[in-house]
Ligand code: FES
Ligand code: FES
């Protein structure tokens, strides 16, 4: 089947999509957007998180056909050209990236959190990121990055 969807503001078409194919596969293998990672393919790790019509979802759990006519925003779509999104910058500055496999999903999830809750408490950050697993960082630097991005966005930090 053919699937037409909008990804990062561009209308895209994927042909010969099979019925069981995931949105994650379409993004990575057909549309050349490898930012969203395929770690578990079972909805367990959050590394494939993207926005679908403005809400974060695990792209590995969305059938490609379900994305027909809808809007997807991936981690690649958060940056403004060469300029990283403040959440991406904060992850780099705080050393919240090691192997990087979890990072795209965490960045999208954190981006959503601070859009909804400008200065989240630590409990709110932990709850928002509970579905995103990281094997490397121990999470402390990830929390630091989200705090920094939120503070900058709210204008309470440089
Ligand atoms: S790859 Fe989708 S949740 Fe792990
Ligand atoms: S940085 Fe390696 S899984 Fe998170």
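Please enumerate the residues belonging to region 66-96 that are under 15 Å from residue 46 (Cα atoms) and without any contact (Cβ under 8 Å) to a residue 60 or more places away in the chain.
The answer is 75, and nothing else.
Residue 146: in contact with a strand residue (DSSP E or B) (Cβ under 9 Å, 6 or more places away or on another chain) and either modelled with pLDDT of 95 or more or not assigned by TED's automatic domain parsing to the domain that holds residue 47 (or both), yes or no? Full working, then the answer.
Numbers: in contact with a strand residue (DSSP E or B) (Cβ under 9 Å, 6 or more places away or on another chain): no; either modelled with pLDDT of 95 or more or not assigned by TED's automatic domain parsing to the domain that holds residue 47 (or both): yes.
So residue 146 fails the test.
Checking residue 45 against (1) touching a residue at least 40 places away in the same chain (Cβ under 8 Å); (2) more than 16 Å from ligand 2 (Cβ to nearest atom); (3) under 20 Å from residue 132 (Cα atoms), which single condition isn't satisfied?
(2)
Looking at region 104-130, I want the residues that are farther than 18 Å from residue 51 by Cα and have a partner that is modelled with pLDDT under 95 with Cβ atoms under 7 Å, at least 6 apart or on another chain. Which pairs are those?
118/153; 118/154; 119/154
Could you check region 28-45 and list, in sequence order, the residues that are assigned to a helix (DSSP H, G or I) and touching a strand residue (DSSP E or B) at 6+ places or on another chain (Cβ under 7 Å)?
30
The values are calculated or read from the model by the stated rules, or taken from the named source; none is laboratory data. Being a predicted model, the structure only gives us computed values, none of them experimental. Quick reminder, even Gly has a Cβ in these numbers, built from the backbone with ideal geometry, and neighbours come from all protein chains shown.
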